[in-house]
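Asks: This is the structure I have questions about; it appears just below.
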Amino acid sequence: MAGMSGTRPAGTTPDAEVALVIAVKRLTAAKTRLAPIFSAPTREAVVLAMLVDTITAASAVGAVTVVTPDEDAADAALQLGARVISDPTPAGHRNPLNNAITAAELELRESTPNIVVLQGDLPALQPQELAGALAAAQAHPRSFVGDRHGTGTSALFAFGVPLQPQFGADSAARHRHSGAIELTGPWPGLRCDIDTPDDLSAARRLGVGPATTKTLARHHQRG
């Protein structure tokens, strides 16, 4: 499994210990709640930039696999050294995100028993935050990090047990009720996934990665 090369930040974890999975839907269908502030082409560019920043940060901690049906997302992931799995989820599936994650899990279990699922829209993620959450997660077979609102899930961890992903509306409660332990560390960038303009503003206050910064700057220059 390919990972990014280079020096890892202090306190991060070697590639071999976990497989990091990011599921990405088609860019044209992603982040529709950002439509009030971005045109469709700009929104797609922002979504792709956030994915690039997320992969870049995560790759400092472990090997990343992206599962997606989108060619542009797949190409970007490959350029960053990530592995790509084509999303086998059929059109009209009632739970496409969890199905895509499970498909990736089944393939990755052949090489590692330890799998982490990350949202692909964490532009303020810092490698040390993910490393800290990963260290905390190793105390439990299955755990998760909630989003900044306390209702969603930014990351799901499974060490030697099935992921049982419950992403979607109220996923934090569903993961909790399924037996996953909620991790409560101070990881603001890890918790700040982007669904709304307010979320994006919060991420920018934390400091977003270079790809997102450049894409937003181009948008403002045009505006």
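FYI, it's all coordinate maths here, none of it is from the lab. All values reported here derive from a predicted model rather than from experimental measurement.
Asks: Rounded to a whole number, what is D in µm²/s for the chain from Stokes-Einstein with the Kirkwood radius over alpha-carbon pairs (37 °C, 0.692 mPa s)?
Replies: 191 µm²/s
Asks: Over the chain, calculate the relative contact order: mean separation of alpha carbon pairs under 8 Å at least 6 apart, over the residue count, as a percent.
Replies: Values: 428 pairs, mean separation 54.0, N = 223.
In percent, rounded to a whole number, it is 24.
Asks: Something else about it: Which percent, nearest 5, of DSSP beta bridges in segment 137-223 are antiparallel? Don't skip to the answer; put the middle values down first.
Replies: Details: 5 of 8 bridges.
In segment 137-223, DSSP labels about 60 percent of beta bridges as antiparallel.
Asks: Distance between Cα centroids, segment 19-96 to segment 170-201: provide it in whole Å.
Replies: Between the Cα centre of segment 19-96 and that of segment 170-201, the gap is 18 Å.
Asks: Using modelled backbone amide H atoms (1.01 Å from N, in-plane), which distant-in-sequence or interchain residues come within less than 5 Å of V84's amide H?
Replies: It is V66, by chain and number.
Asks: Turning to a different aspect of this structure: Amide H to amide H, which residues 5 or more places from I181 or on other chains are under 5 Å from it, using H placed in the peptide plane?
Replies: R142, S143, F144
Asks: Calculate one ³J(HN,Hα) per residue across segment 150-167 by plugging θ = phi - 60° into the Karplus curve 6.51 cos²θ - 1.76 cosθ + 1.60, and present them in order as whole Hz with x for glycine and proline.
Replies: Once rounded to whole Hz, the list reads x, 10, x, 10, 8, 8, 10, 10, 9, 10, x, 10, x, 5, 6, x, 10, 5.
Asks: Can you give the calculated 222 nm mean residue ellipticity of the chain, where each DSSP H run of n ≥ 4 adds -39,500 (n - 2.57) and the sum is split over every residue, rounded to the nearest 500 deg cm²/dmol? Could you put the intermediate results ahead of the total?
Replies: Values: 8 runs with 87 residues, N = 223.
Here the helix-only value at 222 nm equals -12000 deg cm²/dmol.
Asks: Mind listing the long-range amide H neighbours of N114? Cut-off is under 5 Å, sequence gap 5 or more, other chains count too, H placed in the peptide plane at 1.01 Å from N.
Replies: A19, G160
Asks: Taking the convex hull of the Cα atoms, report for segment 142-202 its projected area averaged over all directions, in nm².
Replies: Numbers: hull surface 15.9 nm².
Its average projected convex-hull area is 4.0 nm².
Asks: Please give the helix 40-59 orientation as an angle from the longest Cα principal axis of the chain, in degrees from 0 to 90, rounded to the nearest 10.
Replies: The two axes meet at around 40 degrees.
Asks: Then there's this: What share of Cα pairs, in percent, lie more than 14 angstrom apart in segment 103-158? Write down the numbers at each step before the final one.
Replies: On the way: 905 of 1540 pairs.
Every Cα pair in segment 103-158 considered, those over 14 Å come to 59 percent.
Asks: Here's another thing I want to ask about it. What ³J(HN,Hα) values, in whole Hz, does the Karplus curve 6.51 cos²θ - 1.76 cosθ + 1.60 give for segment 97-104 when θ = phi - 60°, with x put for Gly and Pro?
Replies: Listing the rounded values in order: 5, 5, 5, 4, 4, 5, 4, 5 Hz.
Asks: Where both residues lie in segment 15-222, what percent of DSSP beta bridges are antiparallel, nearest 5? Kindly include the intermediate steps, with their values, before the conclusion.
Replies: Details: 10 of 26 bridges.
Of those bridges, close to 40 percent are antiparallel.
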